[in-house]
Amino acid sequence: MTTVEDEALTTAWAAWHADREAALRHPHGWLSVTALHWLDGTPRAFPGVPGEWSTTGTAARGSGGAEHTLAEAASTLLDGEDGIKVEVLRRTGRYGLRVRDPRSPDLAAFTGVPAFEVRPRWVVDAEFEAFDQPRPIVVGAARDGLEHRFQALGHARFVLAGESQRLLVHESGDQVQVLFHDATNGTTTAPWRTLFADRPAGDRLRLDFNRAVNLPSAFTPYGTCPVPPQGNVVTVPVEAGERRYR
């Protein structure tokens, strides 16, 4: 029997999912990424990218001597040809250029992200065991040779389908994030997924697996997304949230 709470959960999820898909449909969203060029010390031209580019090791350098440092690399977008945007990024000491093209075939073919049915049982109120202070952690990435560094805040403990679970939680702006594996990975879901949540209220943390999402690397081969920390495995199949995209 559907309750008022169930209907509210489904309605809120539908609005959230619509926003999620709208972001993926953006002309310069993740489905528009068509290339990732790593830079070295030799100035080179790349398709759709204005000028020639190289790296000094501490900055990306474009034609005319303009340099883009680590502080700028997360947000710098350069205008290319025909609406193309070029993002300067830095990963594990390497500089690169990521090309976003609104004419991308992947963007044109996008019809939405498949998802499991929304169910209340996938919303869990976890016990949050905070560390005395944040702990730096290092994880791998979707592309070999890269790393990501996070500030781990503590562990979420909860019971799912009768089994005890324990997941490491790390900081993500004004929210927290959990990267996790489960038994559905590689079949009905992506190789791993993530979910975001509001910061813990004291020793409680609400995790809604209905909102588990694919990382950008599930949509583009040029994603550099982090993998889950070692041990962040849900021991039951999480048939909730986004399904495998392709």
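See the values below:
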item: Index of the failed condition, Val139 passing every other in (1) surrounded by fewer than 21 Cβ atoms within 10 Å (Cβ to Cβ); (2) farther than 30 Å from Asp101 by Cα; (3) in contact with an Asp or Glu (Cβ under 8 Å, 6 or more places away or on another chain); (4) touching a residue at least 40 places away in the same chain (Cβ under 8 Å); result: (2)
item: Test for Arg246: is it open to solvent by 40 Å² or more (accessible area, probe 1.4 Å), over 16 Å from the mean Cα position of the chain (by Cα), among the charged types (D, E, K, R) and at pLDDT below 95; result: yes
item: Residues of the stretch 173-193 classified as in contact with a Phe, Trp or Tyr (Cβ under 8 Å, 6 or more places away or on another chain), assigned to a strand (DSSP E or B) and under 24 Å from Pro221 (Cβ atoms), total; result: 6
item: Lone unmet requirement of (1) within 18 Å of the chain's Cα centre (by Cα); (2) modelled with pLDDT of 95 or more; (3) surrounded by 18 or more Cβ atoms within 10 Å (Cβ to Cβ) for Arg100; result: (2)
item: Hey, Glu127 part of a strand (DSSP E or B), open to solvent by 10 Å² or more (accessible area, probe 1.4 Å) and modelled with pLDDT of 95 or more or not; result: yes
item: Pairs with Cβ under 7 Å, 6+ apart, first in the stretch 91-116 and farther than 14 Å from Trp30 by Cβ, second basic (Lys, Arg); result: Pro114/Arg243; Ala115/Arg243; Phe116/Arg243
item: Sole residue being over 21 Å from Phe116 (Cβ atoms) and either surrounded by 17 or more Cβ atoms within 10 Å (Cβ to Cβ) or among the basic types (Lys, Arg) (or both), chosen from Gly51, Gly57, Gly29; result: Gly29
item: Residue within the stretch 161-171 that is open to solvent by 30 Å² or more (accessible area, probe 1.4 Å), within 14 Å of Pro228 (Cα to Cα), basic (Lys, Arg) and assigned to a loop (DSSP other than H, G, I, E, B) present; result: no
item: Meets criteria (polar (S, T, N, Q), open to solvent by less than 10 Å² (accessible area, probe 1.4 Å) and free of Cβ contacts under 8 Å to residues at least 60 places away in the same chain) for Thr187; result: no
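The values are calculated or read from the model by the stated rules, or taken from the named source; none is laboratory data. This one's a predicted model, so the numbers in the text were calculated from it and none came from an experiment. Please note: Cβ atoms are built from the backbone with ideal geometry, for glycine as well, and neighbour counts cover all protein chains shown. Surface areas here come from the heavy atoms of the whole protein model, side chains and all, with no ligands, DNA or RNA. Shrake-Rupley method; radii C 1.70, N 1.55, O 1.52, S 1.80 Å.
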